[in-house]
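The block underneath contains the structure these notes are about, expressed in structure tokens.
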Amino acid sequence: MSSVNKHTDTGRRTGAGEIAAAAALEILGALLLFYAGYKAVWEGVDFETHIAIADAVDFAHFGAFISRHFEPLWHICVHVLGQALGLETIRAAGLVTGACHTLTYLTACHLVRRLTRKPSPPAVAFLCILLGIAAAIYVPWFNKLPYLGQGSPNVWHNPTNNMVRPIGLLVFGLTAIELARLKEDRFRSSARAAIVIPSALLLVLSTLAKPSFVQIYYPALFLIMLIWLFYSKGANLKHCLQFFLMCLPSLAVMILQYIRAFYSSNKDAGGVSIAPFRAAGFYTDNVGISLLLVTAFPLFMLLVSLLKREFRVCDGFALLIFLSGLAERMLLVEEGSREYHGNFSWGYMLALYYLWFCAIRQYLALWACGRKKSGLDIFLQVLASVLLALHVLSGIYYLYYILILHNGV
């Protein structure tokens, strides 16, 4: 077995009972998250505007449509599905959005298995359901609203965020796998075309869905390449060029979107400025507490993985993505009428999900069998489980708050 497979191969035999249980749980998780995403279309505050854009898709004058709406992927999918099946636009929107949540879940299941040593397939399927529900810990006397101020790894009210998340997760997973392989190989081989070319296409697709993913992906990839330049004494220089070429098509698309969004004749376009905590602190009395409430479990698992020496390349990459998203949320603001819309928080919301994704992987590693558990192991398992339960219960309340109490955000 090659060294890279030590980090990605399951290394265990899975019985028929485990496979059946995992399949049943995956079907359950896919249906549950599909239904929640489908129903959220009738409640989420952003859907009405985006459904109107989907209704306005005009392939006869597609250039004009794209010039006005530069994140068109969700709207095109909704329009095409509605026309093909003869559905009301809102029902087509529900199907597309539910499918986005399902794809995110199934992609997470696959990548957690791929990036975790000796995982239990039923445990992976179950924990990825929790991953798809988790939210910031709800503390009513501090955060009266479950989402505003804290953010969430799972956003139910915004269709373009729902659309970009599974695409970004797949790109994140492919990149993490390739980075781990290159590091294990001591940067002797080149990045594989079978990874780079699909990733380049997926990055373009993600940018057309919402540029928030590439806004956090580019800085993280740049930082890890820069760190490795010093670590490897320049051995990864060719990989810097290969990954830059991979990013170039989507970068061109993002630059065009940026110009259109912030420096066009649009009356809402007011440019971008650096204003620490202005937008991030608008809905919370304490930015630090809000940050802790949404990251308590993943930050704890990060500390545990460092303590147990289980910190992997994928974890480091997710952390860099999170720090990129956090910096954008805390420092950048749109000027003009969109000042407090928090549009520079969308990358942060995606980054939270990828950080949580790695926390689930770390949680599985903490419970891995094969050695006698010490008192410290048991303490860490219990504390991690309590934190995870608090986040999941809060996520259930967040869904209740939107779907049953009919709050838009």
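The values are calculated or read from the model by the stated rules, or taken from the named source; none is laboratory data. Keep in mind that this is a model prediction, so the values were computed, not measured. Cβ coordinates were reconstructed from backbone atoms using ideal geometry, including for glycine residues, and neighbour counts include every protein chain displayed. Surface accessibility is based on the protein's heavy atoms, side chains included, excluding ligands, DNA and RNA. Shrake-Rupley method; radii C 1.70, N 1.55, O 1.52, S 1.80 Å.
Side notes on the structure shown:
- Across the stretch 388-402, coupling constants 3J(HN,Hα) worked out from phi with the 6.51/-1.76/1.60 Karplus curve, θ = phi - 60°, read 4, 4, 5, 5, 5, 4, 5, x, 5, 5, 4, 5, 4, 4, 8 Hz, and Gly and Pro carry x.
- Semi-axis lengths (Å, descending) of the ellipsoid that matches the C-alpha gyration tensor of the stretch 42-102: 19, 13, 10
- For the chain, the relative contact order works out to 23 percent when only alpha carbon pairs closer than 8 Å and six or more residues apart are counted.
- Shape analysis of the chain yields a ratio of the Cα radius of gyration to the Kirkwood radius, Rg/Rh, of 0.96.
- Using alpha carbons only, the radius of gyration of the stretch 275-356 set against its Kirkwood radius gives Rg/Rh = 1.04.
- Computing FRET efficiency as 1/(1 + (r/R0)^6) for ILE255 and ARG91, where r is the C-beta to C-beta distance and R0 is 25 Å, gives about 0.10.
- Placing +1 on each Lys and Arg Cβ and -1 on each Asp and Glu Cβ, with no other charges, gives the stretch 39-125 a dipole about its Cα centre of roughly 800 debye.
- Net +/- balance of residues flanking ALA318 in space, Cβ distance below 10 Å, scoring K and R +1, D and E -1: +1
- Dividing the radius of gyration of the alpha carbons in the stretch 48-194 by their Kirkwood radius gives 1.06 for Rg/Rh.
- Applying 0.36 nm per residue to the separation of ILE66 and CYS240 and subtracting their alpha-carbon distance, the gain on full extension is 59.4 nm.
- Phi to ³J(HN,Hα) by Karplus 6.51 cos²θ - 1.76 cosθ + 1.60 over the stretch 92-101, Hz, x for Gly, Pro: 4, 4, x, 5, 5, 5, x, 5, 4, 5
- Violating pairs (Cα-Cα greater than 21 angstrom) within the set LYS308/LYS373; LYS233/LYS308; LYS144/LYS210; LYS118/LYS308: LYS233/LYS308; LYS144/LYS210
- A Förster radius of 35 Å, combined with the Cβ-Cβ distance separating PHE142 from LEU32, puts the computed FRET efficiency at roughly 0.75.
- GNM flexibility winner over the chain from SER190, SER67, SER374 (Cα, springs under 10 Å): SER374
- Calculated mean residue ellipticity at 222 nm for the chain: -22500 deg cm²/dmol, from DSSP H runs with n ≥ 4 weighted as -39500 (n - 2.57), summed, divided by the residue count and rounded to 500.
- Comparing ARG181, ARG361, ARG165 in a Gaussian network model of the chain, where Cα atoms under 10 Å apart are tied by springs, the biggest mean-square fluctuation is seen for ARG181.
- Percentage of interatomic Cα-Cα distances in the stretch 157-267 larger than 24 Å: 29
- The stretch 347-409: projected area of the alpha-carbon convex hull, averaged over directions, in nm²: 5.5
- The chain - percent of accessible surface contributed by carbon and sulfur, probe 1.4 Å: 68
- Under a model in which nothing but the beta-carbon of Lys, Arg (+1) and Asp, Glu (-1) is charged, the chain shows a dipole of about 1740 debye around its Cα centre.
- In this calculation the C-beta distance from GLN381 to GLU184 is compared with R0 = 25 Å, giving a FRET efficiency of 0.30.
- Comparing TYR35, TYR263, TYR218 in a Gaussian network model of the chain, where Cα atoms under 10 Å apart are tied by springs, the biggest mean-square fluctuation is seen for TYR263.
- The residues packed around LEU208, meaning those with a beta-carbon under 15 Å from its beta-carbon, carry a net charge of +3 if Lys and Arg are +1 and Asp and Glu are -1.
- Computed P(r) (all Cα pairs; the stretch 101-167; 10 Å bins; percent): 19, 41, 29, 11, 0
- The phi torsions of the stretch 226-235, fed into the Karplus equation with coefficients 6.51, -1.76 and 1.60 and a -60° offset, translate into couplings of 5, 4, 6, 4, 6, 4, 9, 6, x, 5 Hz, rounded to whole numbers, with Gly and Pro shown as x.
- The amide H of VAL333, built 1.01 Å from its N in the peptide plane, has SER273, ALA275 as neighbours under 5 Å, considering only residues 5 or more places off or on other chains.
- Bins of 10 Å, starting at 0 and running to the largest distance - Cα pair percent for the stretch 55-135: 16, 32, 23, 20, 8, 0
- Computed over neighbours whose Cβ is under 14 Å from that of TYR398, the net charge equals +1, Lys and Arg +1, Asp and Glu -1.
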